[in-house]
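Each remark here refers to the structure printed beneath this line.
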Amino acid sequence: MKLGYIGKDQYGNRFKIDKYPRKELLEQLYATNAAKMYVDKADGSIEHVGYIIKGHWINIYEIHSWK
């Protein structure tokens, strides 16, 4: 069961996110645009991992219940 999300930037700042990561991060940082952030995987593909907003490179993590 997914409980929500958390964002963490390169400075160690954490952002609580309920349902919509991009929308809520833009509101929290008083911004109007965000660039997607990707990571290269070992098999050569890429994966969306977060957003770049106002100089913050924010990785998004899903929070799940242990049950």
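Determine which member of the set Asp9, Asp18, Asp40 is touching a strand residue (DSSP E or B) at 6+ places or on another chain (Cβ under 8 Å) and in contact (Cβ under 8 Å) with a residue 24 or more places away in the chain.
Details: Asp18 fails: in contact (Cβ under 8 Å) with a residue 24 or more places away in the chain; Asp40 fails: in contact (Cβ under 8 Å) with a residue 24 or more places away in the chain.
After applying the criteria, what remains is Asp9.
Starting from region 47-67, take each residue that is more than 17 Å from Arg14 (Cβ to Cβ) and list its partners that are part of a strand (DSSP E or B) and hydroxyl-bearing (Ser, Thr, Tyr), counting only C-beta distances under 8 angstrom and pairs at least six apart or across chains.
Glu47/Tyr38; His48/Tyr38
Output the residues belonging to region 8-30 that are in contact with a Lys or Arg (Cβ under 6 Å, 6 or more places away or on another chain) and either charged (D, E, K, R) or under 10 Å from Ile52 (Cβ atoms) (or both).
Within region 8-30, the first condition is being in contact with a Lys or Arg (Cβ under 6 Å, 6 or more places away or on another chain), and the residues that meet it are 8, 14, 29.
Lys8, Arg14 - these are the residues of region 8-30 that are in contact with a Lys or Arg (Cβ under 6 Å, 6 or more places away or on another chain) and either charged (D, E, K, R) or under 10 Å from Ile52 (Cβ atoms) (or both).
Filter region 8-36 for residues that are part of a loop (DSSP other than H, G, I, E, B) and of a type in the set (Asp, Glu); which is surrounded by the most Cβ atoms within 10 Å (Cβ to Cβ)? Spell out the reasoning first.
Taking region 8-36 first, the residues part of a loop (DSSP other than H, G, I, E, B) are 9-13, 18-20, 29-34.
Narrowing further to those that are of a type in the set (Asp, Glu): 9, 18.
Numbers: Asp9: 20, Asp18: 9.
So the residue we want is Asp9.
Does Gly50 satisfy the condition of being surrounded by 11 or more Cβ atoms within 10 Å (Cβ to Cβ), under 12 Å from the mean Cα position of the chain (by Cα), at pLDDT below 95 and in a strand (DSSP E or B)? I'd like the intermediate steps shown before the answer.
Details: surrounded by 11 or more Cβ atoms within 10 Å (Cβ to Cβ): yes; under 12 Å from the mean Cα position of the chain (by Cα): yes; at pLDDT below 95: no; in a strand (DSSP E or B): yes.
Answer is no for this residue.
The values are calculated or read from the model by the stated rules, or taken from the named source; none is laboratory data. Given the structure is predicted, the values throughout are model-derived calculations rather than measurements. FYI the Cβ positions are ideal-geometry reconstructions off the backbone, even for glycines, and counts take in every protein chain you see.
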